[in-house]
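The values are calculated or read from the model by the stated rules, or taken from the named source; none is laboratory data. Keep in mind that this is a model prediction, so the values were computed, not measured. Glycine gets a Cβ as well: all are built from the backbone with ideal geometry, and neighbour counts include every protein chain shown.
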Amino acid sequence: MFLWRGNIDMTSATSPAKRIDNNNRINREGLRGWLNPLRYGWERVSYWFQRLTGIFLLVYFIGHVYETSSLVSGPDAWAAMLEMTQTIGGHLFLILVIGASTFHTVNGIRLIFTESGQGLGKPGRPDYPYDPTSLNNKQRSGLWIAFILAAVAMLYGANVLFSGGD
Amino acid sequence: MNIFRKDKRKEIKNELPLEVSNNTSTSNKGSVKLRVFRVNAVQNPNDIPHFDEFQVPVKRWTTVLDALLDAKSYQDSSIGIRYSCRMASCGSCGMKINGIPRLACYTKISDLDTNTITCEPLPNFPYIRDLVTDFSQFFNHHRSVMPFMQNKKADIPNTNELTEYKQSPQDLDKFLQFSYCIKCGLCYSACPTVATDVKFPGPQALSQAYRYFADSRDSDKSNRLKIIDTNHGIWRCHFAGSCSNVCPKGVDPALGIQLLRSHLLGISKSEKKIAQLQDRSTNTYREEDGEEQIEKEDLKE
């Protein structure tokens, strides 16, 4: 089949050295498996964004509780805390919060439907090239809506925060 | 990076076959660089994983498995690789090719649109040697969902009684695609939950649970559902869809998992009617309680 057999080029030990735990020969991706969302299609991107926004909103929630707890120290402390959000950095952070919460909510609604078997189609006889029924545009449209609404909410939020909604 | 699933029906851009050099000079025309993950984890405890590189001649129809076997035949016979059928039926040659789990025999180099092919063992499977991984845990998960027919009415030990289940094409379609699973492990290696949760059965096992759950010949669904309805069971799936994306046989494990979950949630009602057992020797149907028999002609009426 192959006509050409020359140019043997073999180099070894070019990758960073990594010892294997030979007791169990672990090869689990771990969190590395989550970090690259670009390999497996839009549902994996959705999974990645849902996790990322979820963690981000959790961090925001903790910060938010800390922020509102300043009320117990009096109006001055509360006003001083609010001043932190009146900077450009504070505005950008709040815009991210708006986008994350919008996406997480809308995509979460989509996931409620898909994870309970709705909008995924029915099993059938697979035919080449085996496009998966569950990865259809019907359920995927929920992801587009989540992205669009998040973008719209962020734009609206930016307009309100930076120009006072004028 | 292209995150979209490549349409396999797409015409190959360059209709002309990759040219193969007719001389043994250093020309790389019509060849690709094959980077193969090497390790001997079992025999050499201190072995350090690394990549070996091979320049391999290719044509338009050359698969990654062809290229690996060429390198093994003519350059380094010690490359560890598992394969058998070369036609995406046995599921032996699963590996991570350019970052995505694929079957080496089912992946044409010309479809990869690159001159460097990186072959690594499937993630989430323990190493054995080079591209060969240990499927023990994977098969344990598969066994754990009881992937076999359970029907107390079946009289298999009594070989004198020839019986068969009657199943309509509609009933068959409910589970047929899930029965096409070749247990190649690609879905298991692509799943982000498997990557972090050892106890999670994985898409393959869960889709097989649905395959038998939906089969009208199987009557014991409660035990199987109890096995997967656990903290580390079906609820750990978050519909990342990666399993269905990499499946080479169109099994669509994500669909099976979500449908199974909808049954567990009570959203979908099981409409399964247990298939009747026909005694072919007497041409009668056996009722589900196993006592009453109905003449076939009577049943038709």
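Tell me yes or no: at least one residue of the range A:113-130 is in contact with a Gly (Cβ under 8 Å, 6 or more places away or on another chain), within 23 Å of A:Ile55 (Cβ to Cβ) and away from chain B (no Cβ under 14 Å). No. Flag set for B:Tyr74, criterion: at the interface with chain A (Cβ under 9 Å from one of its Cβ atoms) and hydroxyl-bearing (Ser, Thr, Tyr). Pairs linking a residue in the range B:33-46 that is under 19 Å from B:Leu122 (Cα atoms) to a residue that is modelled with pLDDT under 80 and surrounded by fewer than 20 Cβ atoms within 10 Å (Cβ to Cβ), with Cβ atoms under 7 Å and 6 or more positions apart or on different chains, are B:Ala41/A:Asn22; B:Ala41/A:Arg25.
Among the candidates A:Ser101, A:Ser141, A:Ser116, single out the residue that is without any contact (Cβ under 8 Å) to a residue 60 or more places away in the chain and in a loop (DSSP other than H, G, I, E, B).
Values: A:Ser101 fails: in a loop (DSSP other than H, G, I, E, B); A:Ser141 fails: in a loop (DSSP other than H, G, I, E, B).
When all the criteria are applied, what remains is A:Ser116.
Restricting attention to the range A:26-67, the residues being of a type in the set (Gly, Ala, Ser) and at pLDDT 95 or above number 2.
Can you name the number of the only condition in (1) over 21 Å from the mean Cα position of the chain (by Cα); (2) part of a helix (DSSP H, G or I) that B:His142 fails? The single condition B:His142 does not satisfy is (1).
In this structure, is A:Asp76 more than 14 Å from every other protein chain (Cβ to nearest Cβ) and among the charged types (D, E, K, R)? Give the steps one after another, and end with the answer.
Values: more than 14 Å from every other protein chain (Cβ to nearest Cβ): yes; among the charged types (D, E, K, R): yes.
Judged against the criteria, A:Asp76 is a match.
Within the range B:115-129, being at pLDDT below 95 and out of contact with any helix residue (DSSP H, G or I) (no Cβ under 7 Å at 6 or more places or on another chain) holds for B:Asn115, B:Pro126, B:Tyr127, B:Ile128, B:Arg129.
Scan the range B:255-273 residue by residue and report those that are among the hydroxyl-bearing types (Ser, Thr, Tyr), assigned to a loop (DSSP other than H, G, I, E, B) and facing chain A (nearest Cβ under 9 Å).
Residues of the range B:255-273 that are among the hydroxyl-bearing types (Ser, Thr, Tyr), as a first pass: B:262, B:268, B:270.
With the extra rule that they be assigned to a loop (DSSP other than H, G, I, E, B), the set shrinks to B:268, B:270.
Selection gives B:Ser268 alone.
Residue count for the range B:97-128 under the criterion of being within 16 Å of B:Leu69 (Cα to Cα) and within 11 Å of chain A (Cβ to nearest Cβ): the result is 4.
Do the conditions hold for A:Arg44, that is, is it free of Cβ contacts under 8 Å to residues at least 12 places away in the same chain and in contact with a Pro (Cβ under 7 Å, 6 or more places away or on another chain)?
Working: free of Cβ contacts under 8 Å to residues at least 12 places away in the same chain: yes; in contact with a Pro (Cβ under 7 Å, 6 or more places away or on another chain): yes.
Judged against the criteria, A:Arg44 is a match.
Taken over the range B:236-254, the residue count meeting the criterion of being within 8 Å of chain A (Cβ to nearest Cβ), in contact (Cβ under 8 Å) with a residue 24 or more places away in the chain and not polar (S, T, N, Q) is 11.
What number of residues within the range A:81-104 are hydroxyl-bearing (Ser, Thr, Tyr) and crowded, with 16+ Cβ neighbours inside 10 Å? Please lay out each step first, then the result.
Initially, the range A:81-104 is screened for residues hydroxyl-bearing (Ser, Thr, Tyr), giving A:85, A:87, A:101-102.
From what's left, crowded, with 16+ Cβ neighbours inside 10 Å: A:101-102.
Residues flagged as hydroxyl-bearing (Ser, Thr, Tyr) and crowded, with 16+ Cβ neighbours inside 10 Å within the range A:81-104 amount to 2.
Of all residues in the range B:45-91, those satisfying the criterion of being out of contact with any strand residue (DSSP E or B) (no Cβ under 6 Å at 6 or more places or on another chain) and within 15 Å of B:Ser110 (Cα to Cα) are B:Lys59, B:Arg60, B:Trp61, B:Thr62, B:Leu65, B:Asp66, B:Leu68.
Flag: A:Ser70 does not match the condition of being surrounded by 13 or more Cβ atoms within 10 Å (Cβ to Cβ), within 14 Å of chain B (Cβ to nearest Cβ), assigned to a helix (DSSP H, G or I) and among the polar types (S, T, N, Q). Of all residues in the range B:250-295 being over 30 Å from A:Tyr128 (Cβ atoms) and among the polar types (S, T, N, Q), which is modelled with the lowest pLDDT? Top of the filtered list is B:Gln293. Within the range B:140-148, is there a residue that is crowded, with 17+ Cβ neighbours inside 10 Å, touching a Ser or Thr at 6+ places or on another chain (Cβ under 6 Å) and not aromatic (Phe, Trp, Tyr)? The answer is no, given that none of the residues of the range B:140-148 is crowded, with 17+ Cβ neighbours inside 10 Å, touching a Ser or Thr at 6+ places or on another chain (Cβ under 6 Å) and not aromatic (Phe, Trp, Tyr).
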